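Written below as structure tokens is the structure these notes are about.
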Amino acid sequence: MVSSYHFHKFSKFLPDFNSFDDFFHQFIEGKVFFGSWFNHTKSWLGVWHELNSFLITYEDLSQKPHQVIQNLANFLGQKLEPDDMENILHYSSFSSMSQNDSLNYSSSIDLFDHSKGKFFRKGVTGNWKEHFSPEQNDKFNNIYQEEMGDLTFKFDWSLN
């Protein structure tokens, strides 16, 4: 939600919200770009294991990058040499990607207002704790459990 909020802030093609609180309420009601995040996520998480797909969360990639990259290579049937792993770790790092003009949208001045934000913002997990009020946290947790509790896939993040 926080990433989507910041994406809305600097995207010229999306509605701008006055505050995170305004965005929070619209997000919860599914009145943001792509509609309900809960419905969107449930629609593909409910069948992702039936598809020939590999799911990587930013949390996993941040906490155990070697393991995630090796698991992806295994899924793709590829053997990684030590230099391959180091190159992938380097070029997929937040630092490298945020400085790469082909990835960070810095040349897309028609689509983004770079005075209002960046595509690669912080590169940390758990930043939502700096945005959610205790009331918003409780509300989101309750809705999340209600909407997503039946999924067999569990995101590796804390809701508290």
query: How do the pairs read when you match residues in segment 46-57 that are more than 19 Å from GLU147 (Cβ to Cβ) with residues anywhere that are surrounded by 11 or more Cβ atoms within 10 Å (Cβ to Cβ), using Cβ under 6 Å and keeping only pairs 6 or more apart or on different chains?
result: PHE54/LEU72; PHE54/PHE75; ILE56/VAL68
- request: Select from segment 7-32 the residues that are of a type in the set (A, V, I, L, M, F, W, C) and in a loop (DSSP other than H, G, I, E, B) and write down the one among them that is most open to solvent (accessible area, probe 1.4 Å).
  value: PHE13
query: Under 8 Å by Cβ, and 6 or more places apart or on different chains, what pairs join a residue from segment 77-90 that is closer than 10 Å to HIS66 by Cβ with one that is open to solvent by less than 80 Å² (accessible area, probe 1.4 Å) and not in a helix (DSSP H, G or I)?
result: ILE88/LEU80
field: Residue ID - surrounded by the most Cβ atoms within 10 Å (Cβ to Cβ), chosen from residues in segment 132-160 that are at pLDDT below 85 and among the small types (Gly, Ala, Ser)
entry: SER158
- request: Identify the residue in segment 33-54 that is outside any helix (DSSP H, G or I), in contact with a Leu (Cβ under 8 Å, 6 or more places away or on another chain) and closer than 25 Å to LYS154 by Cβ and, among all such residues, is least open to solvent (accessible area, probe 1.4 Å).
  value: GLY46
Only listed residue being closer than 17 Å to TRP128 by Cα, touching a Phe, Trp or Tyr at 6+ places or on another chain (Cβ under 9 Å) and exposed (fewer than 15 other Cβ atoms within 10 Å of the Cβ), chosen from SER62, SER4: SER62
- request: Would you mind finding the one in SER19, SER11 that is touching a residue at least 24 places away in the same chain (Cβ under 8 Å), more than 19 Å from PHE94 (Cα to Cα) and of a type in the set (Gly, Ala, Ser)?
  value: SER11
field: Count - residues of segment 65-93 that are of a type in the set (Val, Ile, Thr) and either open to solvent by 90 Å² or more (accessible area, probe 1.4 Å) or in contact with a Gly (Cβ under 6 Å, 6 or more places away or on another chain) (or both)
entry: 0
- prompt: From SER115, SER92, which residue is small (Gly, Ala, Ser), at pLDDT below 75 and either out of contact with any His (no Cβ under 7 Å at 6 or more places or on another chain) or under 21 Å from PHE24 (Cα atoms) (or both)?
  reply: SER115
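The values are calculated or read from the model by the stated rules, or taken from the named source; none is laboratory data. Note that the coordinates shown come from a computational prediction; the quantities given were computed from them, not determined experimentally. Here the Cβ is made from the backbone with ideal geometry for all residues, glycine too, and neighbour counts use every protein chain on show. Please note that ligands, DNA and RNA were not included when accessible areas were found on the heavy atoms of the full protein model with its side chains. Shrake-Rupley method; radii C 1.70, N 1.55, O 1.52, S 1.80 Å.
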